[in-house]
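So the structure is just underneath, and the comments pick up after that.
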Amino acid sequence: MNEEKKNVSELRKGVLGTWLVASYGIAANAPIAVATLYFVGLAGLVGGAMPLTVILSYLIYATTLIVIYEWSKEIAASYGYVAMIKKGLGSSLASFTVGYGYIYQYLVAGTAGFGILGIASFIYLISPSIASSMPWLWAAIVIIVTIEITTIMWLGVKPGGLLNLIIGLISIGFLIVTSIVLIVGAKNSILPFTVIPVNNNWALVLTAMIFGVTTFGGATTPIGVAEEAKVPKSTLPKALLLTFGLLGVGLILNSYAQTIVYGINNMFNYANLPDPMIVIYSKYFNPAIVYLLIILVAFMFNSSALAFATSGSRMIFGMARDGVLYPKGFSKVNKYGVPGNAIILTGIVTGALSLISGYILGPLEASIFLITFGSFYVALGHLFAALGLIVRKVKVGKANIVKHVVIPIISIILYIAVIYFGTYPAPAFPLNIAVYAAWAILLIHIITYYVIKSRFPDRIKKFGDYSL
């Protein structure tokens, strides 16, 4: 270990094998929750062509996965995107403003928006009467889930990984088995994999893919626990591929199963149902299977919050270890080998954010608002990671034209489109506020960077250099 790595806080090494690292990606994506809720939005855009859109979105998101996969063979750091962008572009400004911005995906969009508020919103959607009889229930759920995931994180990275793996594999297995049952009993057709259900409107399908790629969001989240993996630069790449493969099988199969049994020509109506997957499963399966579906969705939201919060706490830890923005105290590791103070801060921030936004907007609207805000930084982080990979590989003379140039360029184009169409025309109020706030905070990042640079030039110069 070189001189720069001496006397710095270290997470416990070699705790996670390939499956446990992958569990954080599976959990963050929460496939059964995605199938229950995200497919509603997709069906509203493309109707019976939803399976085609899911497959194309999967292939496009694969460009992002390949970029991170290539980086994972070089970088193993708790603040993954910070280190990738710094090594790729050699810019502390880019690594601070863009790489650190990914923390909003971890804490704002992932933990608070999708995970914690997702559970509360889902319960109200299942039974609207609960909202009127127990209007306080969502806040109680927020508090309970926040305390629970903070406690699990405090006890080490392995307990959370085991929980995520169990829930994740059961959920994917459930999706695959039930989808096969639905497909076997249906009148199957190739039409859902064509543009015929949308009158050959390719423009509509391609536009929907901008939303569709988020179906696989979270698949790269394991980079946050890279330092805690066994042989990180070998384990992490394998875990990323394992995660992506399992997610693809489960979600693509289920998108087709739901489409074919509900009716290709009825899928725009599907989008108007409050819980269409539950409606479908209630028709074709006995109540025990439906109850299991509901339980798995709730548990998967919980695991997603845990996975995103874990990576968020590692981002805080890594920043504090470099002496940038967060006090050194947040790089302190507890007896379980995890960043205890950073975990407590993560719990406080995400719990408070969930409660405040939920009180102002209501749990469902707040969830969508926070996801919209964080998604801006996801796109920005992926864009710069792809750009950095091109620059890095060309600079060292090891560029593979397909893997290190063509695929990253496709990824860059995708995320430029996501940022552009997410900003103009701006979505309706209050989501337009989320978009404007994201741009405003990016500007604050830049200002903050120069303030820190003027006070601690040596720290900011070395910021983002740490990697195993």
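Picking from K230, K283, K238, which residue would you name as being touching a strand residue (DSSP E or B) at 6+ places or on another chain (Cβ under 9 Å) and open to solvent by 10 Å² or more (accessible area, probe 1.4 Å)? Give the derivation first.
On the way: K283 fails: touching a strand residue (DSSP E or B) at 6+ places or on another chain (Cβ under 9 Å); K238 fails: touching a strand residue (DSSP E or B) at 6+ places or on another chain (Cβ under 9 Å).
Matching residue, one of K230, K283, K238: K230.
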#### Entry: All positions within the range 120-145 that are of a type in the set (V, I, T), more than 22 Å from V279 (Cβ to Cβ) and in contact (Cβ under 8 Å) with a residue 12 or more places away in the chain
I141, V142, I143, V145
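Among what's in the range 159-188 and is among the β-branched types (V, I, T) and crowded, with 19+ Cβ neighbours inside 10 Å, pick the residue that is nearest to Y336 (Cα to Cα). I'd like the intermediate steps shown before the answer.
Filtering the range 159-188 down to residues among the β-branched types (V, I, T) leaves 166-167, 170, 172, 176-178, 180-181, 183-184.
Among the residues that remain, those that are also crowded, with 19+ Cβ neighbours inside 10 Å are: 167, 172, 178.
Numbers: I167: 23, I172: 30, T178: 39 Å.
Taking the candidates together, the pick is I167.
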#### Entry: Only listed residue being under 18 Å from I260 (Cα atoms) and not polar (S, T, N, Q), chosen from A77, A43
A43
#### Entry: Per-region count, the range 30-49, residues under 15 Å from the mean Cα position of the chain (by Cα) and on the phi > 0 side of the Ramachandran plot
1
### Query
Within the range 412-428, can one find any residue that is of a type in the set (F, W, Y), open to solvent by 90 Å² or more (accessible area, probe 1.4 Å), without any contact (Cβ under 8 Å) to a residue 40 or more places away in the chain and within 30 Å of A203 (Cβ to Cβ)?
yes
### Close pairs (6 angstrom Cβ cut-off, 6 or more residues apart or separate chains): modelled with pLDDT of 95 or more in the range 445-468, open to solvent by 80 Å² or more (accessible area, probe 1.4 Å) anywhere
I460/K453
### Query
Are any residues in the range 355-378 modelled with pLDDT of 95 or more, among the aliphatic types (A, V, I, L, M) and over 13 Å from I433 (Cα atoms), and if so, which ones?
L355, I356, I360
### Query
What is the residue count in the range 89-108 for residues that are farther than 18 Å from L389 by Cα, aliphatic (A, V, I, L, M) and open to solvent by 10 Å² or more (accessible area, probe 1.4 Å)?
2
### Query
Consider G90 against the criteria (1) under 18 Å from the mean Cα position of the chain (by Cα); (2) on the phi > 0 side of the Ramachandran plot: it satisfies all of them except one. Which criterion is unmet?
(1)
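Going by what's in this entry, would T259 be described as more than 25 Å from G113 (Cα to Cα), at pLDDT 95 or above and surrounded by 20 or more Cβ atoms within 10 Å (Cβ to Cβ)? It would help to see each step written out before you state the result.
Values: more than 25 Å from G113 (Cα to Cα): yes; at pLDDT 95 or above: yes; surrounded by 20 or more Cβ atoms within 10 Å (Cβ to Cβ): yes.
Spelling it out, T259 is indeed more than 25 Å from G113 (Cα to Cα), at pLDDT 95 or above and surrounded by 20 or more Cβ atoms within 10 Å (Cβ to Cβ).
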#### Entry: When residues of the range 72-127 are limited to those that are assigned to a helix (DSSP H, G or I), over 19 Å from I343 (Cβ atoms) and β-branched (V, I, T), the one modelled with the lowest pLDDT
I126
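The values are calculated or read from the model by the stated rules, or taken from the named source; none is laboratory data. All of these numbers come straight from a predicted model, not from anything done at the bench. As a convention, Cβ positions derive from the backbone with ideal geometry for all residues, glycine included, and neighbour counts pool all protein chains shown. Ligands, DNA and RNA are stripped out before the accessible areas are found, and what is left, the full protein with its side chains, is counted by its heavy atoms. Shrake-Rupley method; radii C 1.70, N 1.55, O 1.52, S 1.80 Å.
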